[in-house]
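Structure, as structure tokens:
Just so it is clear, none of the values below were taken in a lab; they were calculated from the coordinates. Only a predicted model underlies this, so the values are computations on that prediction, with no experimental measurement involved. Neighbour counts are summed over all protein chains in view; Cβ atoms, including those assigned to glycine, are modelled from backbone coordinates with ideal geometry.
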Amino acid sequence: MECVVISGATGGIGSHLALRALESGYGVIGLSRRPPEKDPGYPIHAVDVTDGAAVAAFYRSLRGRRVWALINAAGAASMNLLLTTPSATMSRLVGVNLLGAMHCCAEGAKLLVRRKGGRIINFSSIVTALGTPGESVYAACKAGVEVFSRCLAAELSFFNITVNTVAPPPIDTPMLAGLTREQIDKIVQRQIIKRQAVPEDVWNTVSFLLDEKSAMLTGEVLHIGGI
Ligand SMILES: NC(=O)c1ccc[n+]([C@@H]2O[C@H](COP(=O)([O-])OP(=O)(O)OC[C@H]3O[C@@H](n4cnc5c(N)ncnc54)[C@H](OP(=O)(O)O)[C@@H]3O)[C@@H](O)[C@H]2O)c1
């Protein structure tokens, strides 16, 4: 069975992608720091993506599995004006959003290179393109993910591996817990499509990227809702 590995598989978006991938016939292997107590119907491994050695050990344990795609959805946000953002918060956001994606790509891609094919799907955010106040550190991390993914696409195209970045707009998940309705609506009103997105909108994009039909699309950033 073809498998997809989903980081952040317990999150609002990651868990939805995991369930939809299962329904579509993929095996799902999830990871997060704190796997849920209730069995979601697929394994979720306790891995902190900021820990390069732990990520490497996790991917080594998957050797022999038919991994088709890496969906790197682990992320963290903290809406703060820069002048009130502690250095520890900056380090945490860079660690999870940027370094975490790098670790997962570097280790997971080894499985895809071995089989000479596959998909890497990373996560940015629409706020990176919009330049939203309060999101400078988070948006900078995600801008890093976008450029990183573009370079990686060039490194891996020889192996029939595509690397794309999905940039969702605000979606009601635990990540948005610290934002007011007004703050969310302000961002939604800057989208071309002025409707708040739901996790299924992300799945619709991700499922296309997982499909063989997306083989000629790589190095792109797909903004859900439009910028
Ligand atoms: N929701 C939105 O509005 C929105 C908009 C644009 C982009 N995004 C991006 O979409 C992705 C998914 O977001 P979401 O809304 O689903 O977030 P979420 O509900 O807050 O879930 C975050 C997930 O990441 C995991 N995670 C956090 N730190 C981790 C670490 N160090 N190691 C391993 N896993 C870690 C969490 O599990 P543990 O806590 O157990 O580790 C959880 O599974 C993120 O990359 C986010 O930046 C979200």
- Task: For the range 187-204, enumerate the residues that are out of contact with any Gly (no Cβ under 6 Å at 6 or more places or on another chain) and in contact (Cβ under 8 Å) with a residue 12 or more places away in the chain.
- Result: 187, 188, 190, 195, 196, 198, 199, 200, 201, 202, 203
- Message: So if I check each of 22, 31, 17, which one is away from the ligand (no atom under 12 Å from the Cβ) and either at negative phi or crowded, with 16+ Cβ neighbours inside 10 Å (or both)?
- Response: 22
- Message: I need a count of the residues in the range 132-184 that are hydroxyl-bearing (Ser, Thr, Tyr) and under 17 Å from residue 222 (Cβ atoms).
- Response: 3
- Task: Considering each residue of the range 144-192, count those that are away from the ligand (no atom under 13 Å from the Cβ), assigned to a strand (DSSP E or B) and of a type in the set (S, T, N, Q), and give that number.
- Result: 2
